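Q: Provided herewith is a single structure, encoded as C-alpha cells, for subsequent inquiry.
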Amino acid sequence: MRVDPAVTLTSQLKSASLAHYDLGSGYAQIMVPDYILDAYSDAGWLDTFNGQVGHSDLGHDASQRLDEAVRSFLGMRGDSSDWKVFSTYSGSIALDRALTGMINLLKSRGRKVVQVVTTSPCIDIMGLLLAEHSHVRAHYVRSNRGQALGELDAQALVDRLAWLRQAFPDDGRLVLLASPENPTGFLWDSDALHFVARACAEHDAPLLVDHSFLLAGVHQDIPARVWDAADDSNLWVGLWDTGKTIGLAGDKLGFIITSNDEVSRYVEEALAVTQFDISVRQKMTFSRILEVARDREYVDVLRRLCRENLQTLELALMGTGIEVRSPLAGSLVVLTLPEGYRDEHARLRLLDADVGVVAGSVFFHDTWIMRNMLRLALARDVDYFGGAVEIMAQVLGPALKRGTPL
Ligand SMILES: Cc1ncc(COP(=O)(O)O)c(C=O)c1O
C-alpha cells in the first residue's frame, strides 16, 4: 500500500503542532503537576549506579518496580501472575510488536495468511502497520451501528470473523480493537468485549485491544479491559502507553500485556528483534511517575480538565450548525460540519487562524469515508483550549451561517 504523506495523520499532527493553538495530538499537553515533574527529574537512583558491576541488580529491581507500577496504575488484579507486562518505547511500537508477535504465533500453527478484523473509523496506524506484512489482509468493520457514526458494532465484527473462517478456512484470524476508540471516543463495554472475546476463542483468533486512552479523558469509570473480559480460552494482548495520560513532551513508554506463556513467547521474540531492553533510567523514571500519579489521583485532574473543555466547546459552537459529538471516553472529540462542508478545507482555514486540528477523513479505511468531520484534543489547559475554541467559533461559525463553502 502506498501512502500519500500529505494525508497521513502524522503529517497533519506535524502541521497542527506548528500552530499557536495545537489541538491535534492526542497526547496530554497540559501543565504537568509539580509532583510529576519532581518524579520525572529525581535522579536519586544514580547514587547506586556505579556501585553495581554490570548493573544487573539495578536493572532487575527497576524492571520489577515498573511492572508493579504499571499493574497498579492500570488496576490489574493481583492474582494475574500468568499475565506479563513488556515495556517498549511508544504506543505504536507496542502495537507493531504485538501484531508481529501474534502473526508469527499464527504462522507457527501453519497459517500462511492472516486475516485481521478491525474497525473503521480508527487510527490509521492499524492499517499502516498491517500493510507492512505480506500475507496479512485487513478487514474493516464499520462502526456505524444504527447509522450512528462511531457506534461500535460487536455483532458485525463477530459475523465478519465467522464469514472469514468459512471463506478462508486455512487462514489465521486476528481481531484488533481500540477501547476507548480513537477518534470517536466510543468504548467497548464489558458485554461487548465479552461477546467478542468468546467469538475470538471459538474462531481461534487472538484478540488485541489497544487501551491507550484507558485512563485519559472524560469518562468516570475505567472502560472494560481485555484482561478482565477474556478468559483462559483466549489468546489476548492488551496495549497501553503513558503518553495520552501523562504527556511529557513526547517522553513516554508503551506496554504490552500478555495472557499466557505462548503469547508472551511470541511477543518477547518480536520485541527482541528491535530492542534488548529499555534503559534503567526510563524504568526508574516511569515507575516513580506512575506511583506518584496514582497516589495523587492525577487521572482525576485530567478528567476534570477534559470535561471542562468539552463543555466550553459545546457552549461556543452552539447554534453554529457544527455538531459536537460528545465522547463516552478518552480525550478526543469529533465535530461534524454540516453536510457538504469539507474537513480538509476547514482544517486549513483553522490552520491559517493558528489553530491546529485533524481532518476526520484520515480515520476511515474502506469505501465509507466521512469528509465533514474534525478531530480535536481535549487534554489541554483550560485557558489555552478556550482561546482556541474562541477562534474556531469566529472562523467556522460565520462561514457556516453565510453558507460559504469551507
Ligand atoms: C489508539 C492509539 N494507539 C496507539 C497510538 C500510538 O501511540 P504513540 O504515539 O505512543 O506511538 C496512538 C497515538 O495517538 C493511538 O491513538
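Q: What's the FRET efficiency of Tyr89 with Ala353 using the Cβ-Cβ distance as r and R₀ = 30 Å, to the nearest 0.05?
A: 0.30
Q: List every DSSP H helix in the chain whose Cα atoms extend 27 Å or more along the helix's own long axis and whose mean Kyte-Doolittle hydropathy is at least -1.0.
A: 298-317, 382-402
Q: Please check the chain for the longest run free of GluC sites (Glu not before Pro) that are loop-located per DSSP (anything but H, G, I, E, B) and have at most 12 other Cβ atoms within 10 Å.
A: It runs 133-296.
Q: In whole Å, how far is the Cα centre of region 120-142 from that of region 329-402?
A: Here the answer is 25 Å between Cα centres.
Q: Separate question: Total Lys pairs in region 37-295 closer than 26 Å by alpha-carbon, pairs eight or more apart in sequence or interchain only?
A: 7
Q: Further, regarding this structure: Using the Cα centre of the chain as the reference point, and only Cβ charges (+1 on K/R, -1 on D/E), how large is the resulting charge dipole? Debye, rounded to the nearest 20. Can you show the working numbers first?
A: Values: 39 positive and 53 negative charges, 226 e Å.
For the chain, the charge dipole is close to 1080 debye.
Q: What residues qualify as long-range amide H neighbours of Val141, i.e. H under 5 Å apart, gap of 5 or more or another chain, H built at 1.01 Å from N?
A: Thr118, Thr119, Ser120
Q: Here's a follow-up. Convex hull volume of the Cα atoms in the chain, per residue, in Å³? It would help to have the intermediate numbers written out before the result.
A: Values: hull volume 56.6 nm³, N = 406.
It is 139 Å³ per residue.
Q: Now for a separate question. List the aspartates and glutamates whose alpha-carbon lies under 18 Å from that of Lys14, not counting same-chain residues fewer than 8 positions away?
A: Result set, ordered by chain and number: Asp4, Asp22, Asp124, Asp251, Asp343, Glu344, Asp352, Asp354.
Q: For n ≥ 4 DSSP H runs only, could you compute -39500 (n - 2.57) per run for the chain, divide by its residues and tell me the 222 nm figure to the nearest 500?
A: That calculation yields -13500 deg cm²/dmol at 222 nm.
Q: What is the percent of Cα-Cα separations in region 303-406 that go past 23 Å?
A: That tail contains 20 percent of the Cα-Cα pairs.
Q: Quote the charge dipole size of region 27-114 about the Cα centre in Debye, to the nearest 20; the model charges only the Cβ of Lys and Arg (+1) and of Asp and Glu (-1). Write out the running numbers ahead of the final one.
A: On the way: 9 positive and 11 negative charges, 206 e Å.
Using Cβ point charges on Lys, Arg, Asp and Glu, region 27-114 gives about 980 debye.
Q: Out of Gln275, Leu302, Thr336, whose Cα points farthest toward the positive end of the dipole of the chain (charges: +1 Lys, Arg; -1 Asp, Glu; placed on Cβ)?
A: Result: Thr336, furthest along the dipole toward the positive end.
Q: Which length gain, in nm to one decimal place, applies between Arg265 and Glu390 when the Cα-Cα distance is subtracted from 0.36 nm times their residue separation?
A: 39.9 nm
Q: Could you give the size of the charge dipole of region 142-273 about its Cα centre, using +1 on the Cβ of each K and R and -1 on the Cβ of each D and E, expressed in debye and rounded to the nearest 20?
A: For region 142-273, the charge dipole is close to 380 debye.
Q: Which residues does a label at Asp221 reach in region 72-105, if reach means a backbone N under 20 Å from a point 7 Å past the Cα toward the Cβ?
A: So the set is 73-78.
Q: Among Leu106, Val263, Ala293, flag the residue with its Cα farthest along the positive direction of the charge dipole of region 37-295, charges on Cβ as +1 for Lys/Arg and -1 for Asp/Glu.
A: Working it through, the farthest residue towards the positive pole turns out to be Leu106.
Q: Could you sort 172-180, 28-36 so that the peptide with the highest average Cβ count within 10 Å comes first and the rest follow in order?
A: For the peptides 172-180, 28-36, the packing ranking is 172-180, 28-36.
Coordinate-derived values only; no laboratory data. The structure presented is a predicted model; accordingly, all values stated were derived computationally and were not measured. So basically every Cβ, Gly included, is an ideal-geometry build from the backbone, and we count neighbours across all protein chains shown.
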